[in-house]
1. Could you tell me which numbered condition residue A:154 fails, if it satisfies all but one of (1) surrounded by fewer than 22 Cβ atoms within 10 Å (Cβ to Cβ); (2) closer than 29 Å to residue B:82 by Cβ?
2. Determine if the stretch B:229-248 includes at least one residue that is assigned to a loop (DSSP other than H, G, I, E, B) and of a type in the set (A, V, I, L, M).
3. Can you name the condition, by its number, that residue A:155 falls short on among (1) without any contact (Cβ under 8 Å) to a residue 60 or more places away in the chain; (2) within 11 Å of chain B (Cβ to nearest Cβ)?
4. Check every one of the helices (runs of 4 or more DSSP H) wholly within the stretch A:183-244 and list those with 1 or more residues that are modelled with pLDDT under 90.
5. What number of residues within the stretch A:185-206 are within 11 Å of chain B (Cβ to nearest Cβ), surrounded by fewer than 22 Cβ atoms within 10 Å (Cβ to Cβ) and not basic (Lys, Arg)?
6. Of everything in the stretch A:16-47, what is within 13 Å of chain B (Cβ to nearest Cβ) and in contact with a strand residue (DSSP E or B) (Cβ under 8 Å, 6 or more places away or on another chain)? Give them in sequence order.
7. Could you give every pair whose Cβ atoms fall below 9 Å, whose first residue belongs to the stretch B:50-77 and is of a type in the set (Gly, Ala, Ser), and whose second residue is at pLDDT 90 or above and in a strand (DSSP E or B), counting only separations of at least 6 or pairs across chains?
Amino acid sequence: MKYPCLDLDPAIYAWNARASGEDPSFDKLSIYASGSGDDELTDLEIEDFRRDFENIVCPFMEKYPDALPKSQGGKFDALIVECVYRFFSEILPVEALSDLAFWRWLSIVSSRGYFWEFLLWRFPNKVQINWGIAPPADAREVYFLRAWLRGHLMYDPDLEDPLEYAKKGGGDVWRSHILRQEFGRDREFVKAFLDYLEAKKLSSDELRKKLIPALRAWTALGSFAHLTYQECATLIENLHNEGL
Amino acid sequence: MQSEISFNVRRKDFYIDDVGSFDGFVAVSQDPEKPVSEEETLCVEDYGFDFKNECVLKVRINPKAIKLNNDSLVNLEDLQVVIVLTDYCLNKRIVLFVKALEEIGGEQDLNYRLNELAECSFSNGFEISVFVTLRRDRDRANFKIWNRSQVVFLKRFTARISHDEALFQVNWVDFGDPRESNNVILKTRWLDSNVSILPSFEVVQVLGNLRLREQFVRLESNSHFGHFCLKNMAVPLVSEITWRCLQLANFEKDPEQDSLHYQVLALCQKLDLDADEIRRAALDEDSQVRANTLAMLNARVQSLFSVGGDLATIRFGGYRTS
């Protein structure tokens, strides 16, 4: 399926038009299609996604009409993972879903700016990177791409709920301690890490000041890629209790 | 009197770094037409390069090249080789190959087509890591002495897109207030004080005046004085971000990787400055100390960007060839 793309310059223009309360002029957007096939993803298909998405978002928006409080961010981000992952993985290949230009279109242009407004509610500080206005090296910081990626990295057909681990862990844990870390590249390690956090209910301080530094220091000496879940779990516990 | 003494252990002090020589053990090529090489940078391409369809990996391993030290506590038959492939864009790692060294015997070539890996995009490139570690059936009880995750040899081969490790990205926005939108080009907005934990874009935003963006782009592409002007705009921003970051930084722990603090420490190294010294000066009660240190920092940033050197080479009075 072909998919719509928005380049960086028109994205900056469109983002600012929306920030001024205006609809961006279609002529200035130069939206183009990438990918292959006869079908093309349009706003019509996105409406199906939007319906499912709204079912999750609406209760939060009713409770917090101005902006989502930071304290609710992690919980909320986990709730949308399944909806984002399943919808987009079914219709587009990984190459398209790694393309910032697609996520920019979704976040800024599609659905008459519904997702732009949603992101403003989620990130009232207006950091544009969440809308996809970012260099390619920062792709994992883009909000919807990140939600899809949680599902993509953790999908495990052998589990009763294949997305069990994608839904575990708060937004901050995923952003700071998984997606930005080298040890976040290994699925079995991430599973063991998320289970450990859940079981131990570590405070943010304990996590940031003790466990993460120990894991990072260990990464300099070794690799987790080839370890089983159980080996990762034992290692995490040992490093947490005894340090490097 | 100091109540605490700190000791550092450097990587070279660890036993596992002195197991023996692995020269000639592994070589890689990303193009079957090219010979394999031990060079760790396979290629650096512009964004948009199709790594997935253009690259076919050949990994050559030769266990016979390994020479373990006589006093090494480990034997070749205890070890296995592991080859893993990382997709940089997705932060995803896949194990491609695991085999005991003694089962490989002599030189072996392994070929991998990236386009056969449907779960990866490789949009930002990839890394192929080859490491040697203890075999699964040789694990020891004491994890600190010998754990299967520890490696006795590791080599990373990278193919990636070119990108700058920028201290900040500019967010182009409408400044609104005419006093600013008519006269200001760039300004900062501080969002959070957790500089040792959060990445730069979550801590400080550099806002660009949307109204002037087209002119800014024109200036950027002006070959005569564009870069000189841009560098002059960047100097106060870099100084401010460095100064404020060091004031807010937590120096009791290592900063998170990719946090603003982490980036600023790297910058201080380039500036040949002791970050801790700057921090102490930035927090000094004496305003004279603060002012002079900030002035010195500003001068160092100018020096790093060679703004004086650029001015010296600008040609004035027309550009006709003589």
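The values are calculated or read from the model by the stated rules, or taken from the named source; none is laboratory data. Being a predicted model, the structure only gives us computed values, none of them experimental. Every residue, glycine among them, receives a Cβ derived from its backbone with ideal geometry; neighbour counts consider all protein chains shown.
1. (1)
2. First, pick out the residues of the stretch B:229-248 that are assigned to a loop (DSSP other than H, G, I, E, B): none.
Checking the stretch B:229-248: not a single residue is assigned to a loop (DSSP other than H, G, I, E, B) and of a type in the set (A, V, I, L, M).
3. Checking residue A:155 against (1) without any contact (Cβ under 8 Å) to a residue 60 or more places away in the chain; (2) within 11 Å of chain B (Cβ to nearest Cβ), the one that fails is (1).
4. A:212-219, A:229-242
5. 3
6. A:16, A:19, A:34, A:35, A:36
7. B:65/B:26
Listed here are the residues, each with its yes/no results for (1) within 13 Å of another protein chain (Cβ to nearest Cβ); (2) surrounded by fewer than 17 Cβ atoms within 10 Å (Cβ to Cβ); (3) within 30 Å of residue A:134 (Cβ to Cβ).
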site: B:48; (1), (2), (3): yes, yes, yes
site: B:53; (1), (2), (3): yes, yes, yes
site: B:56; (1), (2), (3): no, yes, no
site: B:67; (1), (2), (3): no, yes, no
site: B:70; (1), (2), (3): no, yes, no
site: B:76; (1), (2), (3): no, yes, no
site: B:80; (1), (2), (3): yes, no, no
site: B:85; (1), (2), (3): yes, no, yes
site: B:89; (1), (2), (3): yes, no, yes
